[in-house]
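Colleague: I'd like to ask you about the structure that follows.
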Amino acid sequence: MAEPGRRLSPGRCRGFSLIELVAVLVILAILAAAAMPLAQLSARRAKEQELKLHLRTIREAIDAYKRAGDEGRIARRIGESGFPKTLEELADGIEDKRDPKQGKIYFLRSVPTDPFAPDELRGSQSWALRSYASPPEDPKPGDDIYDVHSRSPETGLNGIPYRQW
């Protein structure tokens, strides 16, 4: 230890050399590069969980709408399937024919957005629709909404395309 008022010689300066600083930065860069794929995987898993939740929520609402129609709570014409015409009907509500004093029956608070959809598509626009008359192997929209699926061309971590979830 240096005595007060005494200077250290240039060879005995304390601190880090440039080589030590570069070595630490290289090690940090390697650790950051190793952590990036894990962070991306974690974000993808979170979006997949959100997609599963939104699909389940919408599908349960469609089924509840159909049950309400079968129970006579929703007016429908002869020959109609009993499924909603739009996803907005699930959130906007339908008049309760059994109990008009109650008002409307609501099946969703709002139409969720597909987490894999482009940012400009929100709510019902973000989903691909399948009508009751459409075959499962070739889903197409029609007069009603029997099911929904993602428009994303990507494949999930489980190897199944999001369109087939």
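The values are calculated or read from the model by the stated rules, or taken from the named source; none is laboratory data. Since we're looking at a predicted model, the values are computed, not measured. Here the Cβ positions follow ideal geometry from the backbone for every residue, glycine too, while neighbour counts run over all protein chains shown. Note: accessible area is taken over every heavy atom of the protein model, side chains too, but ligands, DNA and RNA are not part of it. Shrake-Rupley method; radii C 1.70, N 1.55, O 1.52, S 1.80 Å.
Colleague: Just the ratio, please: alpha-carbon radius of gyration of the chain over 2.2 N^0.38 Å, N its number of residues.
Modeller: Normalised Cα radius of gyration, the chain: 1.91.
Colleague: I'd like the carbon and sulfur percentage of the solvent accessible area for the chain, probe radius 1.4 Å, heavy atoms only, ligands and nucleic acids excluded.
Modeller: 56
Colleague: Could you work out [θ]222 nm for the chain from helices alone, using -39500 (n - 2.57) per DSSP H run of at least four and dividing by all its residues? Round to the nearest 500 deg cm²/dmol.
Modeller: After summing the helix terms and dividing by the residues of the chain, the value is -12500 deg cm²/dmol.
Colleague: Quick one: if the Förster radius is 41 Å, what FRET efficiency do Tyr132 and Ala43 give, using the C-beta to C-beta distance and rounding to 0.05?
Modeller: E between Tyr132 and Ala43, to the nearest 0.05, is 0.70.
Colleague: Could you compute Rg(Cα) / (2.2 N^0.38 Å) for the range 71-165, with N its residue count?
Modeller: 1.25
Colleague: Could you give the accessible area per residue of the chain, probe 1.4 Å, as a whole number in Å²?
Modeller: The answer is 71 Å² per residue.
Colleague: Starting from the residue with the highest accessible area, list Arg77, Arg122, Arg59 in decreasing order, probe 1.4 Å.
Modeller: The residues order as Arg77, Arg122, Arg59, largest area first.
Colleague: Here's another thing I want to ask about it. Taking the range 90-162, which GluC sites (Glu not before Pro) meet the DSSP loop condition and have no more than 15 other C-beta atoms within 10 Å?
Modeller: Sparse-neighbourhood loop GluC sites (Glu not before Pro): Glu120, Glu137, Glu154.
Colleague: Expressed as an acute angle from 0 to 90° and rounded to the nearest 10, what is the orientation of the C-alpha long axis of helix 18-70 relative to the principal long axis of the chain?
Modeller: Approximately 10 degrees, to the nearest ten.
Colleague: Which ³J(HN,Hα) values, rounded to whole Hz and listed in residue order, are derived for the range 132-141 from phi using the Karplus coefficients 6.51, -1.76 and 1.60 in 6.51 cos²θ - 1.76 cosθ + 1.60 with θ = phi - 60°, glycine and proline given as x?
Modeller: Running phi through 6.51 cos²θ - 1.76 cosθ + 1.60 with θ = phi - 60° gives 4, 7, 8, x, x, 6, 9, x, 9, x Hz.
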